[in-house]
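The values are calculated or read from the model by the stated rules, or taken from the named source; none is laboratory data. Remember, predicted model here, so these are calculated numbers, not experimental data. Cβ: placed from backbone, ideal geometry, glycine included. Neighbour counts: every protein chain shown. Side chains included, ligands, DNA and RNA excluded: accessible areas come from the protein's heavy atoms. Shrake-Rupley method; radii C 1.70, N 1.55, O 1.52, S 1.80 Å.
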Amino acid sequence: MEYEIKNIESAIPCLVVADPDNGRFMIREADTSGEVFNSPREMLFWIYENWTEQDFEDKALFNEILLSLQQIVQD
């Protein structure tokens, strides 16, 4: 899965990539810095600790990203 989601404080969207087939789990933040994770579980915990629904213009998309990651973690 790959999502771009617009942070309310940035013109550049955040990018969330979770590709279990190729072992890629990364985030580009609103300030264009990035985070790389070893697993979808680590990525999901990072999002819970650092982002909230209120940080983004599209709250439904934020929740969709969380649900998609939760599904990957459960598989």
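Net charge near K59: determine it from the other residues with C-beta under 12 Å of the C-beta of K59, scoring Lys and Arg +1 and Asp and Glu -1. Before the final figure, lay out each step's value.
Details: positive: K6; negative: E53, D55, E57, D58, E64.
Summing Lys and Arg as +1 and Asp and Glu as -1 gives -4.
Residues with beta-carbon under 15 Å from that of V36, excluding V36: net charge, scoring Lys, Arg +1 and Asp, Glu -1?
My count for the surroundings of V36 gives -2.
So what's the net charge close to E4: Lys and Arg +1, Asp and Glu -1, counting the other residues with Cβ under 12 Å from its Cβ? Working shown, then result.
Numbers: positive: K6, R28; negative: E2, E57, D58.
With Lys, Arg at +1 and Asp, Glu at -1, the net is -1.
Suppose R0 equals 22 Å. What FRET efficiency, 1/(1 + (r/R0)^6) with r the Cβ-Cβ distance, do N63 and L15 give to the nearest 0.05? Intermediate values should be presented prior to the final figure.
Details: r = 17 Å, r/R0 = 0.79.
FRET efficiency, N63 to L15: 0.80.
Computing the accessible area with a 1.4 Å probe over protein heavy atoms, can you report the carbon and sulfur percentage for the chain? Show your work: numbers first, answer last.
Values: 2110 of 4580 Å².
The value for the chain is 46 percent carbon and sulfur by accessible area.
Using a 1.4 Å probe and ignoring any ligands, DNA or RNA, find the accessible area of D31 and quote it in Å² to the nearest 10.
Roll a 1.4 Å probe over it and D31 shows about 100 Å².
May I ask you to list the GluC sites (Glu not before Pro) in the chain that are in a DSSP loop and have at most 14 other Cβ atoms within 10 Å of their Cβ?
On the way: sites: E2, E4, E9, E29, E35, E42, E49, E53, E57, E64; in loops: E9, E29, E57.
Passing both the DSSP loop test and the Cβ count: E9, E57.
Mind checking the alpha-carbon convex hull of segment 22-75 and giving the volume per residue in Å³? Write out the running numbers ahead of the final one.
Numbers: hull volume 4.5 nm³, N = 54.
Given the Cα convex hull of segment 22-75, per-residue volume reads 83 Å³.
Write down the accessible area per residue of segment 1-57 in Å², having rolled a 1.4 Å probe over the full set of protein chains. Each step should come with its number before you reach the end.
Values: 3480 Å² over 57 residues.
So segment 1-57 comes to 61 Å² accessible per residue, rounded to a whole number.
What value, in deg cm²/dmol to 500, does the helix sum -39500 (n - 2.57) over DSSP H runs of n ≥ 4 give at 222 nm once divided by the residues of the chain?
Values: 2 runs with 27 residues, N = 75.
Mean residue ellipticity, 222 nm, calculated: -11500 deg cm²/dmol.
As an exercise, use a Förster radius of 25 Å and the Cβ-Cβ distance of I8 and Q71 to find the FRET efficiency, rounded to the nearest 0.05.
Working: r = 26 Å, r/R0 = 1.05.
The calculated FRET efficiency here is 0.45.
Place a +1 charge on the Cβ of each Lys and Arg in the chain and a -1 charge on the Cβ of each Asp and Glu, then give the dipole magnitude about the Cα centre in debye, rounded to the nearest 20. Walk me through the numbers on the way to the answer.
Values: 5 positive and 16 negative charges, 22 e Å.
In total the dipole reaches around 100 debye.
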